[in-house]
1. Looking at the stretch A:245-267, which of its residues are without any contact (Cβ under 8 Å) to a residue 12 or more places away in the chain and within 11 Å of chain B (Cβ to nearest Cβ)?
2. Go through the stretch B:37-48 and give me each residue that's facing chain A (nearest Cβ under 8 Å) and either buried (at least 24 other Cβ atoms within 10 Å of the Cβ) or not in a helix (DSSP H, G or I) (or both).
3. Within the stretch B:121-139, identify whether any single residue is farther than 30 Å from B:LEU374 by Cβ and either among the aromatic types (Phe, Trp, Tyr) or in contact with a helix residue (DSSP H, G or I) (Cβ under 9 Å, 6 or more places away or on another chain) (or both), and answer yes or no.
4. Here are the criteria: (1) under 15 Å from the mean Cα position of the chain (by Cα); (2) without any contact (Cβ under 8 Å) to a residue 12 or more places away in the chain; (3) more than 10 Å from chain A (Cβ to nearest Cβ). Tell me which single one B:ALA322 does not satisfy.
5. Scan B:LEU353, B:LEU338 and give me the residue that is under 23 Å from B:ARG27 (Cβ atoms), surrounded by fewer than 18 Cβ atoms within 10 Å (Cβ to Cβ), more than 14 Å from chain A (Cβ to nearest Cβ) and hydrophobic (A, V, I, L, M, F, W, C).
6. Which one is surrounded by the fewest Cβ atoms within 10 Å (Cβ to Cβ), of the residues in the stretch A:268-309 that are among the hydroxyl-bearing types (Ser, Thr, Tyr) and either under 22 Å from the mean Cα position of the chain (by Cα) or facing chain B (nearest Cβ under 9 Å) (or both)?
7. With respect to B:LEU157, is the statement that it is farther than 16 Å from B:LEU216 by Cα and within 18 Å of the chain's Cα centre (by Cα) true?
8. Consider B:GLY57 carefully, then state whether it is crowded, with 22+ Cβ neighbours inside 10 Å, under 30 Å from B:PHE284 (Cα atoms) and of a type in the set (Gly, Ala, Ser).
2 protein chains.
Amino acid sequence: MLFPAPVLLEVNSHQLEVAETLIQVGRFVVIFVVARAIAELMVRLQLPTILGELVAGVLIGASGLHLIVPPEVQAQLSAGVTGLVGSLAGLSPESVQEVYDETFPSLQAVSQLGLFALLFLTGLESELDELVAVGVQATTVAVAGVVLPFALGTAGLVYLFHVPLIPAVFAGAAMTATSIGITASVFGELKWLKKREGQIVIGAAVLDDILGIVILAVVVAVVGGGAFSFGPLIKLCLAALAFVAVALVLSRTAAPAFDWVVDRLQAPGDVAVASFVVLTLCCFAAQAIGLEAALGAFAGGLILSASKHTHDIENAVKPLVALFATVFFVLIGTGMDLSVLNPFDPANRAGLLVAAFLLTVAIAGKVAAGWSYLSKEPTNRLVVGLGMMPRGEVGLIFLGLGSQAGILTPALEAAILLMVIGTTFLAPVLLRLVIGGGSEDPAAAPAG
Amino acid sequence: MLFPAPVLLEVNSHQLEVAETLIQVGRFVVIFVVARAIAELMVRLQLPTILGELVAGVLIGASGLHLIVPPEVQAQLSAGVTGLVGSLAGLSPESVQEVYDETFPSLQAVSQLGLFALLFLTGLESELDELVAVGVQATTVAVAGVVLPFALGTAGLVYLFHVPLIPAVFAGAAMTATSIGITASVFGELKWLKKREGQIVIGAAVLDDILGIVILAVVVAVVGGGAFSFGPLIKLCLAALAFVAVALVLSRTAAPAFDWVVDRLQAPGDVAVASFVVLTLCCFAAQAIGLEAALGAFAGGLILSASKHTHDIENAVKPLVALFATVFFVLIGTGMDLSVLNPFDPANRAGLLVAAFLLTVAIAGKVAAGWSYLSKEPTNRLVVGLGMMPRGEVGLIFLGLGSQAGILTPALEAAILLMVIGTTFLAPVLLRLVIGGGSEDPAAAPAG
């Protein structure tokens with residue numbers, strides 16, 4: 001890949017190619033071994049595996065061992081790595097660093113693929129019918145859970161901490177998400193999925209995914225222009241809502257067409273390739289009308305959620321998610337500069353306050369959403385609120401894209417990371433306490 | 001990904017990112033839609049799908065529509081593409097071309113992943129036990145089928161056509177492969193897989209895979225040094241054989257250890273990630289001792305072929321192969337300059353002669369190998385020879401890596417491509433003629 005001249009062979013080019021392969025392949029080894037080791041630990045602690053992947057990223061990244069360092073953060077690769085690769089390929093440590101930086105976009109492209117695959121899978125697994133059953137209550141909870149943290153967070157950052165509007169809006173938006181996967185697994189484990197609370201939370205989380213990704217698409221597009229103005233904002237909001245509406249309509253009408261095509265395909269791997277084409281087409285369409293490609297990936301999943309091949313599609317997409325979404329989450333951790341949160345450095349006091357503020361608003365905003373809906377039957381509103389709390393992968397997607405777009409300062413990035421880690425960590429722990437430690441009877445809970 | 005300065009936001013950077021996403025995503029759409037459309041046609045013509053992917057590559061590549069052009073071949077992107085992306089992202093066509101060239105390594109990295117996944121799957125599906133049953137005869141056929149085309153091809157290129165030694169050796173090596181997949185599918189369809197001929201051919205093809213990849217690893221490593229010398233050649237041959245021997249031993253001993261680990265993993269996607277770690281570790285090990293990473297991928301598959309989880313591993317790897325190996329084959333086609341074979345240009349006469357020579361030697365060498373073994377029972381030696389003929393994906397891997405390493409001239413690349421296409425196309429056609437059109441009784445065939 002590094003050979004512009006196709007005929008003449010320089011001695012050096014072979015060494016560069018060896019270093020390139022060693023780095024590309026070795027990076028995967030480091031990412032997967034460390035991320036999976038910590039993820040296994042998390043599973044045994046009954047915590048979400050995504051926490052393990054984040055922690056792994058921080059551990060091997062720019063705040064830790066410097067084994068994986070994104071070129072953007074301008075950190076030096078660990079001397080152990082440059083030394084090992086250098087001696088194997090016969091290159092100087094400086095050349096190794098250079099090859100490393102040059103090949104990093106490939107790793108980022110793979111992580112982007114993982115992000116798209118994850119959002120596609122989220123869309124695919126959205127059970128829109130379940131949403132209808134608890135429609136009104138779920139909608140109330142979802143909207144309250146989006147508006148409260150967003151408004152409180154953005155306003156607080158701007159007025160209390162004097163953060164500029166664009167990063168403040170972005171941080172606020174990052175607090176709107178709810179991780180459906182984490183909530184669903186805790187509720188499932190405690191056998192509360194089929195209870196009214198479980199259904200409201202899952203319904204609201206599905207809606208939150210849609211709202212969150214629409215907000216993300218709009219915020220990134222508006223912020224990409226460099227300044228806020230209401231004209232494009234409204235246009236983009238309408239475009240995003242129209243995009244999701246079209247996807248919802250297509251999920252009823254286009255899925256049969258997809259099935260018809262897949263049934264006629266005979267070459268091996270047909271389902272994998274056909275759904276990948278839908279995924280990429282939707283990404284292209286979203287980006288082409290000025291929205292985030294991530295919204296397209298999610299919409300692609302929504303469209304195919306009504307296909308009769310969903311099971312095969314999931315089986316084809318899951319390995320991509322297991323491999324490449326892990327890379328995405330680890331990379332987010334690697335780019336974080338946690339030294340800005342070191343409490344022993346007085347210069348960091350403001351940053352720490354911001355982090356504490358974000359975490360508080362993130363918890364309070366979602367828990368309060370549990371009291372937003374009307375219900376004739378008594379339901380445990382604390383459980384609903386806590387169930388909406390984990391930001392998980394969706395919050396991280398915000399963080400990753402904001403960090404990529406260079407919108408956030410290191411201190412704000414670290415604060416958002418802490419907010420995501422904190423809510424993702426606390427939600428399962430608190431839910432187990434409230435549900436398991438309290439009683440199985442919702443009426444006995446604090447507020448009915 | 002294109003942002004070195006993480007804080008300051010330029011208006012332009014958003015446009016660049018939009019163009020980047022449109023290009024990256026759009027490339028996948030073009031590759032998959034065209035490749036799959038032609039592959040489906042091939043399935044209906046009872047021809048190998050890989051031919052469709054190659055033809056698709058040529059069609060959309062530098063010799064065709066210029067929709068996908070590797071930067072190495074210095075071809076301009078089609079004006080339609082630069083115009084469309086440029087107008088969507090608000091950039092000039094020149095900037096689009098630049099973004100296109102800059103992001104191409106990511107596509108190549110993905111295609112490399114596909115290659116590794118394919119070789120891993122090939123190793124995983126190698127039935128070493130079947131090989132033992134027809135051991136001696138298969139070994140004779142495999143060795144004859146490697147030595148004859150390699151020796152005849154290299155010698156002919158050097159002495160008849162005055163091709164320099166290094167490209168001649170590389171072209172000779174590209175003729176040694178046998179595509180087990182294509183042969184197995186044709187034999188399976190004609191119900192000859194369980195006959196003696198089928199077993200010999202499959203056994204020999206497995207051995208050929210091993211020999212071919214060892215040869216590839218050695219040739220690329222030696223050629224990478226820039227010149228031939230016997231010291232490194234012998235060292236690398238020994239290293240490659242030792243590597244494969246270790247993999248074969250590990251397939252008996254390390255697979256249980258792998259199973260033990262996988263049985264203890266609980267995080268989702270454990271099989272996919274664990275086998276990916278084995279794959280990447282083997283690639284790293286091969287590259288670290290100076291061999292091709294591709295050999296490592298194959299060895300990784302061999303090691304895990306004795307695991308009790310092979311079925312799950314295959315299911316996890318197959319989507320990667322369906323998606324990314326397609327990219328690998330299409331990219332080979334896109335880089336080819338078929339104008340050097342235009343028969344109406346007198347300057348191309350020498351190149352056409354080389355292509356005709358390679359194709360003849362590639363067919364004759366493998367068919368002759370059908371007469372190399374001793375057998376008490378009468379077997380149809382023509383069927384064995386024809387079964388060894390298709391070069392398929394293995395021949396293409398040679399071509400792809402040689403082209404990447406800048407070893408081959410455009411004329412030689414095109415000649416090898418024609419050789420691969422010719423043998424891959426002719427083998428199933430001739431086998432159906434000989435088996436189907438002749439008789440089901442092997443004794444009635446030309447030579448007993």
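1. If the condition is that a residue be without any contact (Cβ under 8 Å) to a residue 12 or more places away in the chain and within 11 Å of chain B (Cβ to nearest Cβ), then A:ARG264, A:LEU265, A:GLN266, A:ALA267 are the ones that fit.
2. Correct list: B:ALA39 only.
3. Yes; the residues of the stretch B:121-139 include at least one that is farther than 30 Å from B:LEU374 by Cβ and either among the aromatic types (Phe, Trp, Tyr) or in contact with a helix residue (DSSP H, G or I) (Cβ under 9 Å, 6 or more places away or on another chain) (or both).
4. The one condition B:ALA322 does not meet is (3).
5. The match here is B:LEU338.
6. Restricting attention to the stretch A:268-309, the residues satisfying the condition of being among the hydroxyl-bearing types (Ser, Thr, Tyr) are A:275, A:280, A:305, A:307.
Next cut, either under 22 Å from the mean Cα position of the chain (by Cα) or facing chain B (nearest Cβ under 9 Å) (or both) only: A:275, A:280, A:305.
On the way: A:SER275: 27, A:THR280: 27, A:SER305: 21.
The extreme case among them is A:SER305.
7. It is false that B:LEU157 is farther than 16 Å from B:LEU216 by Cα and within 18 Å of the chain's Cα centre (by Cα).
8. It is true that B:GLY57 is crowded, with 22+ Cβ neighbours inside 10 Å, under 30 Å from B:PHE284 (Cα atoms) and of a type in the set (Gly, Ala, Ser).
The values are calculated or read from the model by the stated rules, or taken from the named source; none is laboratory data. Note that the coordinates shown come from a computational prediction; the quantities given were computed from them, not determined experimentally. Here Cβ is always computed from backbone atoms with ideal geometry, including for glycine, and neighbour counts include all displayed protein chains.
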